[in-house]
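Below you'll find the structure, written out as structure tokens, and then a few comments.
The values are calculated or read from the model by the stated rules, or taken from the named source; none is laboratory data. Since this is a predicted model, take the numbers as computed values, not measurements. Neighbour counts run over all protein chains shown; Cβ positions are idealised from the backbone, glycine included.
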Amino acid sequence: MGALIGGIIAAVIGLIFLVKWFALFVKGLMAAVPFFLFIGGLIAIAAGISDIKDRLEEKREKAKEKKEEGKKEEEKKEG
């Protein structure tokens, strides 16, 4: 019950300050949004590069497995 009352009080105070300092809130958003877009873009680039590396590694492993299977089949034919 205390968390509910505390949450209501925090929301009301936050709304009052938001209305009172709306210009500062907008300036804060103007500073924060580009920063978070930049950071989000860097994270997306890193994730994309990691995904590409994983796909290349999978292709290498599959090629290695096929090569090993080919060698085993040749050995069976010769043996």
Conditions (1) surrounded by fewer than 10 Cβ atoms within 10 Å (Cβ to Cβ); (2) under 31 Å from the mean Cα position of the chain (by Cα); number of the one not met by Ala23: (2)
Only one residue in Ile9, Ile39 is surrounded by 10 or more Cβ atoms within 10 Å (Cβ to Cβ) and more than 32 Å from the chain's Cα centre (by Cα), so which one is that? Ile9
Flag for Glu75 being surrounded by 10 or more Cβ atoms within 10 Å (Cβ to Cβ), of a type outside the set (A, V, I, L, M) and modelled with pLDDT under 95: no
